[in-house]
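The values are calculated or read from the model by the stated rules, or taken from the named source; none is laboratory data. If you're wondering where the values come from, they're calculated on a predicted model, not measured in any experiment. Note: areas computed on protein heavy atoms with side chains; ligands, DNA, RNA excluded. Shrake-Rupley method; radii C 1.70, N 1.55, O 1.52, S 1.80 Å.
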Amino acid sequence: MAGERERGGGHRGGREERDSEFVDKLVHINRVAKVVKGGKRFGFAALVVIGDQKGRVGFGHGKAREVPEAIRKATESAKRNLTRVALREGRTLHHDIAGRHGAGRVYLRAAPAGTGIIAGGPMRAVFETLGIQDVVAKSIGSSNPYNMVRATFDALKHQDSPRSVAARRNIKVSVLQGRRVGGDAEVVAE
């Protein structure tokens, strides 16, 4: 089992595991100590992001006395909380969005091809596992990895594709796209 994992340096990020179609990244490990009569009893909390690199992504949190067990619990939790995100051309976002959780705020912007992922630590892990190749992101406020990941998921939850907008407004996608490209295109009565 240890042979199929790649480990990065430090206690943050870098771990990647191929489990069927999913890729998971270890975002953060937190060590906590409980002081007891004989000394200190250590526990570990892990934050993991998992995705199929085709538009599905989820995150999970796991706590245990040992690091591998905490990572396993976090991965299981992430698999239960997968969400689908609509991507434009399979590589970037459809529009700019903002998300927040607690004191953490993030701004995500769609980017042209070749830009790459311009984002900080925890957000980068979300985008890599999601399959986004071009995005510019900025986090403001809390740099806590848990808040950053939750704020990123909040932003992605508000992502709308032209197809879903057209269905909600009962118009054709071509009419919607024509308005966007043409600017002041005439509305076609249907």
Please compute the Kirkwood hydrodynamic radius of the stretch 43-190 from all pairs of different C-alpha atoms, in Å with one decimal. 16.5 Å
Per principal axis, descending, Cα span of the stretch 33-77 in whole Å: 50, 12, 11
Please calculate the 1.4 Å probe accessible area of Phe22, with all protein chains present, and give it to the nearest 10 Å². 20 Å²
The long-range amide H neighbours of Arg88, using H built 1.01 Å from N in the peptide plane and a cut-off of under 5 Å, are Leu93, His94
Using θ = phi - 60° and the Karplus curve 6.51 cos²θ - 1.76 cosθ + 1.60, what whole-Hz ³J(HN,Hα) does each residue of the stretch 133-138 get, with Gly and Pro shown as x? 9, 10, 7, 10, 10, 9
Rule-of-thumb check for the stretch 125-177: C-alpha Rg over 2.2 N^0.38 Å? 1.50
May I ask you to give the solvent-accessible area per residue for the stretch 102-149, in square angstrom, as obtained with a 1.4 angstrom probe? 41 Å²
Once Glu76 and Gln177 are pulled to full extension, the length gained, defined as 0.36 nm per residue separation minus their Cα-Cα distance, is 32.4 nm
Lysines within cross-link reach of Lys40: Cα-Cα under 24 Å, excluding same-chain residues under 8 positions apart? Lys63, Lys73
Could you go through the stretch 166-176 in sequence order and give the Karplus-derived ³J(HN,Hα) for each residue, using 6.51 cos²θ - 1.76 cosθ + 1.60 with θ = phi - 60°, rounded to whole Hz, and x for Gly and Pro? 5, 5, 5, 9, 6, 10, 7, 4, 5, 5, 5
Note down, for the stretch 77-148, the three equivalent ellipsoid semi-axes (square root of 5 times each alpha carbon gyration tensor eigenvalue), biggest first, whole angstrom. 19, 16, 11
